[in-house]
Amino acid sequence: MGGPRHLVSIDDLSLTEIQGLFEHASRFSENLHSSADSCRGLISASVFYEASTRTRLSFESAMLRLGGGVVTAADMGLSSAAKGESLADTVRIISAYADILVLRHPSEGAARLAAGYSEVPVINAGDGSHEHPTQTLCDLYTLWIEKGRLEGLDVVLSGDLRYSRTIHSFVYALARFGANLVCVPHAGLELPDYVVKRLREEYGAEPQAADASRLGDLARASDAMYITPTKPHQLSLYTQASRGARRVDHVDAIYMTRPQTERFASEDSANDYVHLDTMMMSGEALAEAVVMHPLPRRDEIAPEFDQDPRSIYFKQAARGVPIRMAILAMLLGRIDISSSSVTRESLHPAWWGTNPCPNLGCVSHTEVRQAPPMFRVISRFPLRGVCGYCSRELIIGIVGCRGRVELYSPTSTEARRIEPDDLLLFRDEEEALALGLGGEPTPTDG
Amino acid sequence: MGGPRHLVSIDDLSLTEIQGLFEHASRFSENLHSSADSCRGLISASVFYEASTRTRLSFESAMLRLGGGVVTAADMGLSSAAKGESLADTVRIISAYADILVLRHPSEGAARLAAGYSEVPVINAGDGSHEHPTQTLCDLYTLWIEKGRLEGLDVVLSGDLRYSRTIHSFVYALARFGANLVCVPHAGLELPDYVVKRLREEYGAEPQAADASRLGDLARASDAMYITPTKPHQLSLYTQASRGARRVDHVDAIYMTRPQTERFASEDSANDYVHLDTMMMSGEALAEAVVMHPLPRRDEIAPEFDQDPRSIYFKQAARGVPIRMAILAMLLGRIDISSSSVTRESLHPAWWGTNPCPNLGCVSHTEVRQAPPMFRVISRFPLRGVCGYCSRELIIGIVGCRGRVELYSPTSTEARRIEPDDLLLFRDEEEALALGLGGEPTPTDG
Amino acid sequence: MGGPRHLVSIDDLSLTEIQGLFEHASRFSENLHSSADSCRGLISASVFYEASTRTRLSFESAMLRLGGGVVTAADMGLSSAAKGESLADTVRIISAYADILVLRHPSEGAARLAAGYSEVPVINAGDGSHEHPTQTLCDLYTLWIEKGRLEGLDVVLSGDLRYSRTIHSFVYALARFGANLVCVPHAGLELPDYVVKRLREEYGAEPQAADASRLGDLARASDAMYITPTKPHQLSLYTQASRGARRVDHVDAIYMTRPQTERFASEDSANDYVHLDTMMMSGEALAEAVVMHPLPRRDEIAPEFDQDPRSIYFKQAARGVPIRMAILAMLLGRIDISSSSVTRESLHPAWWGTNPCPNLGCVSHTEVRQAPPMFRVISRFPLRGVCGYCSRELIIGIVGCRGRVELYSPTSTEARRIEPDDLLLFRDEEEALALGLGGEPTPTDG
């Protein structure tokens, strides 16, 4: 494209780049006041379709610390959108008023759509329950600052692991960096299957039963699950990983989440939700475990624990400023993070038929005019793909090829040979037939 | 007055000044980042009684680009106003907090009222359906950049020409600069009579039937009307103007508008509203026609046309920044636009009786305590005047003179001789009689 | 503590410091544009749980004039709070994004709570009907500028003296500076008893009947009450103060207030509310009386009086900027106001039992988790105390002492001897008994 570089997903950044961001953030944090010329004369636009005061202020503070200026649309949902303007048009216009856009939007994949239309870099500040990469970077940065590394850390995830967007992004990133995960979910709010599946398939993390009894109350009444990356350089750290349940005898960090009651289904309940306090944290295995929380908290962490030096959730929030300074400065070209950039699978148009994305909250469904369905291949054999906006796995019942009438099973070798740009994806044969494909297959030379 | 200079109406600016603004805007746009010291230390206050994120951000971006600071009241309608404060008081207070005010208000004439009370320059960022001069300047500037001139351009206006404030301001300004207008309205949404009347009377533009058949679909089912300015220097450009319908064989620009459905009367409909796409734009007469739109658009321009180089509506929006930089810098005294300033007819108090402004949305009706009726004479014989706030023509049934009891017809020579400051305006004789005027006329020496 | 210095209450400032602020404000006001480097690189966060556009813009303008930056959360009440976050947590997080917090909150005492949790200085921009110290400083500063002093001034307070927070803070401060107060309240909206009591007890101001007949209409139908401070240095100014009613023959200032109808009880009425106009101000005693108003006004001051040089309410509003510049610069350590700081009675935990604060709007009731009851002793004998947050006097029916079971009357000598940190405060004996105290008293060695 040659266009500006965006931060839509944490996966847009290579591990080396993330490391570079940490180092710059660390430098910024030494004196937040000393970088007031880095972005002098540049403007950041906060474009928030949902209120999120903390995220917004953190970005705006970062931009001001860099010497830049800020324009703010804190309630976009009530303004242009009310006049029926598409997100694409709004983005195109506002991107002419600023040097970088910080976008918060309720539709999953909105930031990817915006990046496609913006003249300037777009930072995803949360798109529905999809991604919030700067929160993830802030969490990783905090852990890196506290522990000096990410690889090989033992991190406990506790509470609502099901509905928390923060948790999902965080576990993928931890797995990517080779940390180990112990899940101690609230009953009924376990990590969703598709997350576990992705952890296994993309990051090689292997779920195992964990003996978390020494974690004390934290694990009470929970199905603790231990996830160890199986990549070689990580296996060397965990030689016993393959021998059944691991005993968790040292925890580096506990990541707490509030119950996302606003997303609860009718059968979900926050009764007996985990309540972390000094007593619970008295076990030996937790002696050096820092406690993190994306905030806001409700009752899941007792206020008196705030005095404990292991409570670092307010530091974690504060670190949102230097890490966002690093992100802004990088995307604005004011700091150089030399790196082999990450190369992700390309996006392809999802031609014809119904939009194959099963996620109705995806921007490809809510902004149909300017968000044509796109997909990214995640496996060639069997053929599997995810939505190019919201990353949800597509339902591919049957496939075709541009210029032919035959239909193929996604698990066929024929399907494997079709160039992604020529692929026609269908949920089922009926959909394909309705478009005039299929019927008697002509023999293929495959 | 000696007070600060304001931008309430496009008519506050002479053609030379507008030209000067264009030149400065053009200079600013060459490098938006290079003017960061022009307004260093100065503050602009955005005072918005209606949400208008795009307009507000565009102004704020312009002020930041000039190195100034911004304070924002994006929802004034919910704040002070809720405590029952008059607009005049609010303006007086906030004008002490800033070096320039940018005001958006739902009442027509609000900016004129504000200018009367502010200690600092006021910029009208939209007052009801009255004026939005910086939008008009942005539109003119865009045309000037694209075509190199305004005089003699053939501009098609399409869609809702009735309820669009933008269109009205734009046509007056185009007429003033000597452009030609072809109206292709949606059925029922024609240019209002009072606009056509003003075009004819003040700008000498003569409506004529236009042969717009070569405009293709654009003109389908529409009453195309061609308006040519008749001032000598323009006539020289259009020697055939007086010989009946002109054939429109070359269009320089098409200005599209969305249907302002929120202002529709019950009989109005947007069915079969114009839909501009690549097909429609294929006619030879439109080969060099740039397509403009004040945005937001709905369906009146197909998204696929965005790829066409003639689609300049996003550029148009982007140019809001440099033109507003020029306006801010001029009013703040940071750039010098040497010019013979425009001299407009003075405002006079509309003494006695009922407020003669027929526009109930006018600020003289909504802010009665601090917006005493004022008028501006637009014709001495017969006597005609417009409201000093909202510019709507007054209903003058009969007039009196301060210090006398006689009443006169506005078409009388007696009326012509009364000094405007002494004029008493009445809707009808009854109103005058109720105030003790009229009855048996004493002979006048006129 | 060693933490940052806050401005929660006007009582946090010594008279010398207030004088210092006036002098700096005066210097700033000479050229509002010349201090643009004082706070370069620093950030102020406006955290408003209630809309108050004027107060907010005034602070933000002040910060920009000092060269600082601003981040704004103008509708906090709708954001984090909606997610169930405590004020303490929000403050802790946002204080990491800025160098100073400006807080507006509906709960009384909220700013004191915030100060306890913030990493950076907190400025109280209004906490319910408790305090709004920068408004008070602005009022005092205006009077000081106009009259050259505060001591010995005769100030008339008119209108709603009951529900106006502004009035209460202002009278305490005037009394502290030794000004004389003439109260001319609207019937039924007199100064509350607790305010008069505090004026008498803390500032030695003695209420007396005033002969206010020469104030003209202002005093009509009102119970004028004259309050003269009795402290020695003030008495010397008013030698006749002890000889019955004083005649008010010269007024230095009239402070008007709007009826706070939104707080009216059902029996309150604003009928025949005072209406100040040029006629009313024609008395000789008022010839040099400046007229002040915290604004917004409704009908209590006629707009035509705005032309009178004695109307200084808009100047008063404008002076909010330089005085806030001085406050910001002082708390940010950018100007040095050398002074013996005020030493206030310490805060003590209100142990055990029910929260003794009778004010249900107090933050100790609304933020129970993180605002443990605190008190400040205002009299040792008899023992009296006020809430450490909202300053409301506590109901102390009976007291105990940590480590003992006996109960004592607050008027007893035993109570006098208990260290404040050991005091257990109870509304009544029943409450104490329920906690296992009291019963048969053991003899004390007192």
- How many percent of DSSP beta bridges within chain B run antiparallel, rounded to 5? 40 percent
- Item | Probe 1.4 Å - accessible area at C:GLU190, Å² to nearest ten | 70 Å²
- Item | the range C:1-109: relative contact order in percent, alpha carbon pairs under 8 Å with at least 6 residues between | 31 percent
- Roughly what % antiparallel, to the nearest 5, for the DSSP beta bridges in the protein assembly as shown? 40 percent
- Item | About the Cα centre, charge dipole magnitude for chain B (Lys/Arg +1, Asp/Glu -1 at Cβ), debye | 800 debye
- Note on the structure: Given a Förster distance of 51 Å, the FRET efficiency implied by the Cβ-Cβ spacing of C:GLU202 and B:LEU15, rounded to the nearest 0.05, works out to 0.15
- Note on the structure: Relative contact order of the range C:348-434 (C-alpha contacts under 8 Å, at least 6 apart) in percent is 31 percent
- In the protein assembly as shown, what percent of the accessible surface is made up of carbon and sulfur (1.4 Å probe, ligands and nucleic acids excluded)? 49 percent
- Item | Solvent-accessible surface (1.4 angstrom probe) belonging to A:LYS147, in square angstrom, nearest 10 | 50 Å²
- Task: Could you estimate the translational diffusion coefficient of chain B from the Stokes-Einstein equation, with Rh from the Kirkwood formula over C-alpha pairs, at 37 °C and 0.692 mPa s, in whole µm²/s?
- Result: 141 µm²/s
- Query: In what sequence, largest accessible area first, do C:PHE314, C:PHE305, A:PHE381 appear using a 1.4 Å probe?
  - Reply: A:PHE381, C:PHE314, C:PHE305
- Task: Can you find, among B:GLY68, A:SER269, B:PRO192, the residue farthest towards the positive end of the dipole of the protein assembly as shown? Put +1 on the C-beta of Lys and Arg, -1 on that of Asp and Glu.
- Result: B:GLY68
- Taking every DSSP bridge whose two residues both lie in the range B:348-434, the antiparallel percent to the nearest 5 is 95 percent
- Item | Using a 7 Å Cα-to-Cβ projection, B:GLY84 label spacings across copies, nm, ascending | 4.0, 4.0
- Residues along the range C:97-138 losing 20 Å² or more of accessible surface when the other protein chains are present rather than the chain by itself (probe 1.4 Å): C:TYR97, C:ASP99
- Message: Averaging the inverse of every distinct alpha carbon separation and then flipping it gives the Kirkwood radius. What is it for the range C:348-434, in angstrom units?
- Response: 12.7 Å
- Can you give me the span-like helices of chain B, meaning DSSP H runs with 15 Å or more of Cα extent along the axis and Kyte-Doolittle mean at or above -0.5? B:15-30, B:53-65, B:133-147, B:165-177, B:320-331
- Item | FRET efficiency, A:ARG384 to A:GLU429 (Cβ-Cβ, R0 22 Å, nearest 0.05) | 0.75
- Task: Using only the Cα atoms of the protein assembly as shown, build the gyration tensor, take square roots of its eigenvalues as a ≥ b ≥ c, and label the shape rounded, prolate or oblate: rounded if a/c is under 1.5, else prolate if a/b is larger than b/c, else oblate.
- Result: oblate
- Item | Only Lys, Arg (+1) and Asp, Glu (-1) charged, at Cβ; the range A:348-434 dipole about Cα centre in debye | 280 debye
- Taking every residue in C:41-53, how many Cβ atoms of other protein chains lie within 10 Å of its Cβ, on average? 4
- Message: Under the convention of a label 7 Å out along Cα→Cβ, give the distances in nm from B:PRO358 to the same position in every other copy, shortest first.
- Response: 6.5, 6.5
- Query: In Å² (nearest 100), what accessible area is buried between C and B, both sides summed, heavy protein atoms only, 1.4 Å probe?
  - Reply: 2300 Å²
- Given unit charges at Cβ for Lys, Arg (+) and Asp, Glu (-), the dipole magnitude of the range B:1-138 about its Cα centre in debye, nearest 20, is 260 debye
- Structure-based [θ]222 nm, the protein assembly as shown - -39500 (n - 2.57) summed over DSSP H runs of at least 4, per residue, nearest 500: -7500 deg cm²/dmol
- Task: Note down the net charge around C:ALA434, summing +1 for each Lys or Arg and -1 for each Asp or Glu among other residues with Cβ under 15 Å from its Cβ.
- Result: -3
- Query: Over the range B:19-95, what lengths in whole Å, largest first, do the semi-axes of the equivalent ellipsoid take, defined as the square roots of 5 times the eigenvalues of the alpha-carbon gyration tensor?
  - Reply: 29, 13, 11
- 7 Å along Cα→Cβ, label-point gaps from C:ASP37 to other copies, nm, shortest first: 1.3, 1.3
- Which aspartates and glutamates have a Cα lying under 15 Å from the Cα of A:LYS147, excluding residues fewer than 8 positions away in the same chain? A:GLU23, A:ASP139, A:ASP252, A:GLU288
- Find the relative contact order for chain A and round it to a whole percent, using C-alpha pairs within less than 8 Å whose residues are 6+ positions apart. 15 percent
- Query: Measuring with a 1.4 Å probe in the full set of protein chains, what accessible area per residue, in whole Å², belongs to the range C:1-69?
  - Reply: 33 Å²
- Query: Under the rule that a partner needs its Cβ under 4.7 Å from the first Cβ, which Cys of the protein assembly as shown have none?
  - Reply: A:CYS39, A:CYS138, A:CYS183, A:CYS401, B:CYS39, B:CYS138, B:CYS183, B:CYS401, C:CYS39, C:CYS138, C:CYS183, C:CYS401
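The values are calculated or read from the model by the stated rules, or taken from the named source; none is laboratory data. Nothing here was measured: the structure is a model prediction, and the numbers come from that model. Cβ: placed from backbone, ideal geometry, glycine included. Neighbour counts: every protein chain shown. Note: areas computed on protein heavy atoms with side chains; ligands, DNA, RNA excluded. Shrake-Rupley method; radii C 1.70, N 1.55, O 1.52, S 1.80 Å.
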